[in-house]
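Heads up: the structure comes next, in structure tokens.
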Amino acid sequence: MGLLLLGALASGLLLFAAGTPAPATAARIAHGTTGLGVLVLAPWKTVVVLRAARVHAASLALVGLLAVCLASGVVQVLGGYGRVLGVSPVQVHVGSAVGLVLLGAVHVVRHRPLRLSRRDASRRRLLVSGAFGLAAATTWGVAELVDRRLSRGAATRLATGSHRLDPADVPATTWLFDRVPVLDPRAHRVRVDGTDVDLAALVVRGGPVPARLDCTSGWYADATWTGVPLAALLDPDRRAAARSVVVTSVTGYRRRFPAEEADRLWLATAVEGRPLTPGTGAPVRLVAPGRRGFWWVKWVASVELDDRPAAAQPPFPLQ
Ligand SMILES: Nc1nc2c(c(=O)[nH]1)N[C@H]1C(S)=C(S)[C@@H](COP(=O)(O)O)O[C@H]1N2
Ligand SMILES: [Mo]
């Protein structure tokens, strides 16, 4: 059970980071398989917990969080995208998973994990575990096929698991704690490698950029943005000498990209022919096709070249 939970956690993190179909598919198969394994073992584990001589509050919380986490995962897959009281199933799923990680750490410290004995590693045990894994993977595959045949859900689901939304229905989304600022488009300047660029200059140079915004909260939308590639705004020699390019919002939210990606990143001022709204990043936001939504920095204040590698940042934003 512990190994399955660790597997589900690791594959869930990979699925959250994946922006392109191949890694997303691999992560989704692993997440679906380990998740199903946990789902099957959970009732049995719950009985073990409740039968214990002394039931700790922490154990009950663990069981409860696991139930919420599993249920919200199933709802995300089968139920399509929707929000209840402003939260989506994936947000509940990830929130309860974070809670599980914290409580799980306490649990491991309290009850020193049982040492793996010779018996645990016996051939028979390994065969049984292998067969269980195979059965979980097969069940996941069959469930996926059935869902694809029967429901409208799977047909519009991406490799990352996100459900399709019309660009007009996209909710203004922030990562964790960021707030929507309201900026004056005429006064706004973007500092690009030390030089101020005003909005009119960006609007004039903007071209159409069809791109898919795939948010980790469970939806995606295809839309055509109007934008200028970062590469067109940067000096080629300075860009060639830099290792990363950092895009920072007026709010302080920022993401760092490899410098050579600058021709695949756009500063956008409009979407579907209309200027951006405050919620969607007005007056200017980043469009980063092939990267998950949290890379698409809104309310861009600056674009800076830097010597540090693109990996010199937390894998997910903290703001
Ligand atoms: N400054 C800033 N930019 C941000 C975020 C944020 O919290 N702050 N959230 C990101 C996330 S998680 C997503 S999915 C997209 C959402 O863009 P939208 O609101 O236009 O749909 O913006 C990204 N850009
Ligand atoms: Mo997002």
What number of residues in segment 81-116 are surrounded by 18 or more Cβ atoms within 10 Å (Cβ to Cβ) and not in a helix (DSSP H, G or I)? 2
Within the set of pairs 6 or more residues apart or between chains, which connect a residue that is on the phi > 0 side of the Ramachandran plot inside segment 57-86 to a residue that is outside any helix (DSSP H, G or I) with Cβ atoms less than 6 Å apart? GLY80/HIS163
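Look at ARG125 and say whether it is of a type in the set (Lys, Arg), closer than 17 Å to MET1 by Cα and surrounded by fewer than 17 Cβ atoms within 10 Å (Cβ to Cβ).
Against the criterion (of a type in the set (Lys, Arg), closer than 17 Å to MET1 by Cα and surrounded by fewer than 17 Cβ atoms within 10 Å (Cβ to Cβ)), ARG125 qualifies.
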Go through (1) under 19 Å from TRP299 (Cα atoms); (2) without any contact (Cβ under 8 Å) to a residue 60 or more places away in the chain one by one and return the number of the condition ASP222 breaks. (1)
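What about THR226, is it more than 26 Å from ALA24 (Cα to Cα) and in contact with a Lys or Arg (Cβ under 9 Å, 6 or more places away or on another chain)?
Against the criterion (more than 26 Å from ALA24 (Cα to Cα) and in contact with a Lys or Arg (Cβ under 9 Å, 6 or more places away or on another chain)), THR226 does not qualify.
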Residue count, segment 223-281 (criterion: more than 15 Å from VAL192 (Cα to Cα) and aliphatic (A, V, I, L, M)): 6
Selection from segment 288-304 of residues outside any loop (DSSP other than H, G, I, E, B) and within 10 Å of ligand 1 (Cβ to nearest atom) yields GLY293, PHE294, TRP295, VAL300, ALA301
Can you confirm whether segment 235-242 contains a residue that is surrounded by 15 or more Cβ atoms within 10 Å (Cβ to Cβ), in contact with a Ser or Thr (Cβ under 9 Å, 6 or more places away or on another chain) and not assigned by TED's automatic domain parsing to the domain that holds ARG28? no
Checking the structure you have, find out if any residue of segment 100-117 is under 19 Å from THR216 (Cβ atoms) and either at pLDDT below 85 or touching a helix residue (DSSP H, G or I) at 6+ places or on another chain (Cβ under 9 Å) (or both). yes
Does ALA288 satisfy the condition of being of a type in the set (Gly, Ala, Ser), at pLDDT 95 or above and within 16 Å of ligand 2 (Cβ to nearest atom)? yes
Restricting attention to segment 254-287, the residues that are without any contact (Cβ under 8 Å) to a residue 40 or more places away in the chain and crowded, with 20+ Cβ neighbours inside 10 Å number exactly 6
Are any of the residues in segment 60-80 touching a strand residue (DSSP E or B) at 6+ places or on another chain (Cβ under 6 Å), modelled with pLDDT under 85 and within 24 Å of THR160 (Cβ to Cβ)? yes
With ASP263, ASP222 as the choices, which residue is away from ligand 1 (no atom under 14 Å from the Cβ), acidic (Asp, Glu) and in contact with a helix residue (DSSP H, G or I) (Cβ under 8 Å, 6 or more places away or on another chain)? ASP263
Scan segment 163-205 residue by residue and report those that are among the aliphatic types (A, V, I, L, M), surrounded by 14 or more Cβ atoms within 10 Å (Cβ to Cβ) and part of a loop (DSSP other than H, G, I, E, B). LEU165, VAL170, VAL180, LEU183
Of these, VAL190, VAL203, VAL197, which one is in the same structural domain as ALA268 (by TED's automatic domain parsing), of a type in the set (A, V, I, L, M), within 16 Å of LEU286 (Cα to Cα) and within 16 Å of ligand 1 (Cβ to nearest atom)? VAL190
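Among the hydrophobic types (A, V, I, L, M, F, W, C) and touching a Phe, Trp or Tyr at 6+ places or on another chain (Cβ under 6 Å): is that true of PHE257 in this structure? It would help to see each step written out before you state the result.
Values: among the hydrophobic types (A, V, I, L, M, F, W, C): yes; touching a Phe, Trp or Tyr at 6+ places or on another chain (Cβ under 6 Å): no.
It is false that PHE257 is among the hydrophobic types (A, V, I, L, M, F, W, C) and touching a Phe, Trp or Tyr at 6+ places or on another chain (Cβ under 6 Å).
The values are calculated or read from the model by the stated rules, or taken from the named source; none is laboratory data. Because the structure is predicted, anything quoted here is derived from the model rather than measured. Cβ sites come from the backbone with ideal geometry, for glycine too, and all protein chains shown count toward neighbours.
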